[in-house]
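Asker: Pasting a structure here, questions to come.
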Amino acid sequence: MTALEQNPVTTGVRRPRATAYWAVSDCWNIARRVLTHYQRQPVAIVWQLGFPILSLLLYGYVFGSAMKVPGGGDYREFLMPGMFAMTMAMGFMNTAVAVVTDASKGVVDRFRSMPMAPSAFAAGRGTADLVVAAAELAILAATALLIGWRADGGVPAALGGFGLLLLLRFSLIWVGVWLGMLVPTPEAAGGLYAVAFPVTMISSTFVSPSLMPDWLGFLAAWNPISSTATAVRELFGNPVAGGGTWVEEHALLMAVVWPLVLTLVFLPLAVRRFQRLSR
Amino acid sequence: MSKRMKGSGSPAGPGSSSGYAVLAEGVVKRYRGKGGAQKRALDGFDLAVRPGAVHGLLGPNGAGKTTAVRVLATLLRHDGGRAEVAGLDVAREPRRVRSRIGLTGQYAAVDEGLTGRQNLEMFGRLFHLGNRAARHRAGELLDRFGLTGAADTGVTAYSGGMRRRLDLASSMILDPDVLFLDEPTTGLDPRGRGEVWESVRALAAGGTTVLLTTQYLDEADRLASRITVIDRGRAIADDTPDALKDRVGGDRIEVVAADAGDLAAVAGAVGRVAGGGLVVTDAPARRVHAQVADRVAALTEVARGLQDEGITVEDIGLRRPSLDDVFLRLTGHGATDDAPPNGDAENRGTGNHDTSEVAAA
Ligand SMILES: Nc1ncnc2c1ncn2[C@@H]1O[C@H](COP(=O)(O)OP(=O)(O)OP(=O)(O)O)[C@@H](O)[C@H]1O
Ligand SMILES: [Mg+2]
């Protein structure tokens, strides 16, 4: 029996339903709200997409001719999957900023004072962000194709690659939601870039970890972004440039394990934080 | 729309449901401050609100009003004591409480990225009304709160008063048993304030229990049938507005003499309208004041009397008791500062000995 069944208010419209039904319905309504924001403010999505496209072009052309891939291969071919992974990873910042903005405006308080499913706020935000990320990825891939990148591994493998990229984005949504409720103001959220930027750089996005000092290479190899980047390179048939360590040899496995671990840790944290938010 | 019998209206078994729409008993809420120091925002807070009443929670900045509302609205967990809303324990059954309450926080909680209508429809769907009913309810509320004209405009373009009304409308979607309004008029111009007052009166007429926090005695007086005064996390008085004002002393006439030598004569003139009440002379300020029953008659009479005697005054006027007066009277300290009462306060606060009684009650 759910709490809703006992409420006689607005009788005739409110039907008793399973908790799971409302969890999905509430999630979709929150997602719809986020997507409506984009719909009312299309400029926001242009800004959000502008940066990855610009950096893809910049890195591609500025570094493209100067960098060598250990083990051979075209650097730009090597770079593109890395850029995709990095963009997906940095997406958590969009989530965090959106969440802290909501929280600072009091809308989150209203949600919390309503009888909606406790998971809906995080899950709805996640669903919407994933839809936006898929659009982002499609546009990035189209841009990459324009500057000569190719995925030669076949259609199923390519789809698998995009799937892994979205899986990374998915797992980091919860980090974003959690951080968004942890930092006090939207301005403070900007400070997260200072942490996020090195984390995305110490990875195999731009260069192979085997070219870094040992300790840094170790960190870079174990970075979840590296696992996804390497796995996606394999699936797309792009140059891989692995250093031969265990984690690099098992990139495909780790590209699934890492997101699962991140989700298992941060999804409950995010939901709990939402429920216990005591600002 | 008919008002249903609310569960809170019927007293249940002993100990569990109290028959009050809102009940707080010895509620304690501590905030962790800097360096591990703890601050008690609520320190044994008591409150009892009858079903169907508009109850004012009156207190200065930092008294604990918002904290109290957030605890009652399940947004914040208390550390001690007991709190019930609509007969349900807020700590044990927060979700059931949430389906019975509406909340309008101190800062408007509407989605700036949506239109007014989109806001109400979204909240309606999240209240599980279903698409069609949510749309219908949104239209109804937009109409009732005078927002139909701006329904499809983005909330960013709304005035403060419009935002507040949308906020109120959002908390009314379910037609809640208990509505919490945290300083609903702070920051609004007189017109916006009037609009909100109108809405609150209409809600109350429909039978909704309203707990309203405010810093203005005037506002509590206009809207509430009962007022709890909160200071430093504790209820220090709980009474009807009239009784509270009586205790504070009602309206006062105040005369500032132009010449200190006339003070005795001024006190005499004021004494004639004070009906045997205490006439306070504040010599350094050349001011004389006293409580009066009929404010306008008193003003006219004192003015005429002084004129007849040829006494010139610097200022003469009537003053309504303010929150400050309530606080001086109830606590012996001002509403805004923690300093001990100054000379003037002691004068005005004659009979201050009831302070300890009230505080202990
Ligand atoms: N999140 C918090 N962390 C620490 N202290 C807090 C927090 N929120 C409130 N306080 C403190 O608790 C006390 C009560 O605050 P509260 O916001 O409940 O007062 P209020 O009566 O609503 O005041 P106002 O009229 O300014 O809104 C204040 O001294 C305040 O500084
Ligand atoms: Mg407050």
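The values are calculated or read from the model by the stated rules, or taken from the named source; none is laboratory data. None of these values were measured; they are calculated from a predicted model. In this analysis, Cβ positions are derived from the backbone assuming ideal geometry, glycine residues included, and neighbour counts consider all displayed protein chains.
Asker: Need the failing condition index for residue A:124 against (1) outside any loop (DSSP other than H, G, I, E, B); (2) in contact (Cβ under 8 Å) with a residue 40 or more places away in the chain; (3) away from every other protein chain (no Cβ under 14 Å), just the number.
Answerer: Against the list (1) outside any loop (DSSP other than H, G, I, E, B); (2) in contact (Cβ under 8 Å) with a residue 40 or more places away in the chain; (3) away from every other protein chain (no Cβ under 14 Å), residue A:124 comes up short only on (3).
Asker: Still on this structure, please answer the following. Only one of B:137, B:100, B:96, B:144 is facing chain A (nearest Cβ under 9 Å) and more than 25 Å from residue A:274 (Cα to Cα); which? Give the steps one after another, and end with the answer.
Answerer: Details: B:100 fails: more than 25 Å from residue A:274 (Cα to Cα); B:96 fails: more than 25 Å from residue A:274 (Cα to Cα); B:144 fails: facing chain A (nearest Cβ under 9 Å).
Result: B:137 is the single residue among B:137, B:100, B:96, B:144 that is facing chain A (nearest Cβ under 9 Å) and more than 25 Å from residue A:274 (Cα to Cα).
Asker: Ok, one more. Only helices (runs of 4 or more DSSP H) wholly contained in segment A:138-209 count here; list those with 2 or more residues that are in contact with a Phe, Trp or Tyr (Cβ under 7 Å, 6 or more places away or on another chain). Reasoning before the result, please.
Answerer: Details: elements: A:155-182, A:186-190, A:192-201.
Because the criterion is at least 2 residues that are in contact with a Phe, Trp or Tyr (Cβ under 7 Å, 6 or more places away or on another chain), the helices (runs of 4 or more DSSP H) in segment A:138-209 that meet it are A:155-182.
Asker: Further question on the same structure: If you check residue B:207 against the conditions, is it more than 16 Å from ligand 2 (Cβ to nearest atom), within 14 Å of chain A (Cβ to nearest Cβ) and of a type in the set (Gly, Ala, Ser)?
Answerer: It is true that residue B:207 is more than 16 Å from ligand 2 (Cβ to nearest atom), within 14 Å of chain A (Cβ to nearest Cβ) and of a type in the set (Gly, Ala, Ser).
Asker: Turning to a different aspect of this structure: Looking at segment B:61-88, I want the residues that are more than 16 Å from ligand 2 (Cβ to nearest atom) and modelled with pLDDT under 95 and have a partner that is part of a loop (DSSP other than H, G, I, E, B) and not basic (Lys, Arg) with Cβ atoms under 6 Å, at least 6 apart or on another chain. Which pairs are those?
Answerer: Pairs found: B:74/B:90; B:86/B:177; B:87/B:17.
Asker: Oh, and also: Could you list, ordered by first residue, the pairs with Cβ atoms under 8 Å in which the first is in segment A:31-49 and facing chain B (nearest Cβ under 8 Å) and over 25 Å from residue A:119 (Cβ atoms) and the second is hydrophobic (A, V, I, L, M, F, W, C) and not in a helix (DSSP H, G or I), at least 6 apart or interchain?
Answerer: A:40/B:114
Asker: On to the next question. Out of the strands (runs of 3 or more DSSP E) lying entirely within segment B:155-263, which hold 2 or more residues that are under 30 Å from residue B:139 (Cα atoms) and of a type outside the set (Gly, Ala, Ser)?
Answerer: B:178-182, B:209-214
Asker: State all residues of segment B:296-306 that are surrounded by fewer than 17 Cβ atoms within 10 Å (Cβ to Cβ) and at pLDDT below 90; if no residue qualifies, say none.
Answerer: Scanning segment B:296-306 gives B:296, B:297.
Asker: Based on this model, can you work out whether residue B:161 counts as within 29 Å of residue B:85 (Cα to Cα), modelled with pLDDT under 90 and within 14 Å of chain A (Cβ to nearest Cβ)?
Answerer: no
Asker: Same structure, new question: Just to verify a result, which residue in segment B:47-82, among those that are within 16 Å of ligand 1 (Cβ to nearest atom) and over 21 Å from residue B:32 (Cα atoms), is surrounded by the most Cβ atoms within 10 Å (Cβ to Cβ)?
Answerer: Of everything passing the filter in segment B:47-82, B:57 is surrounded by the most Cβ atoms within 10 Å (Cβ to Cβ).
Asker: Mind listing just one residue for me: the one in segment A:93-121 that is assigned to a loop (DSSP other than H, G, I, E, B) and at the interface with another protein chain (Cβ under 9 Å from one of its Cβ atoms) and, of those, surrounded by the fewest Cβ atoms within 10 Å (Cβ to Cβ)?
Answerer: Here the answer is A:118.
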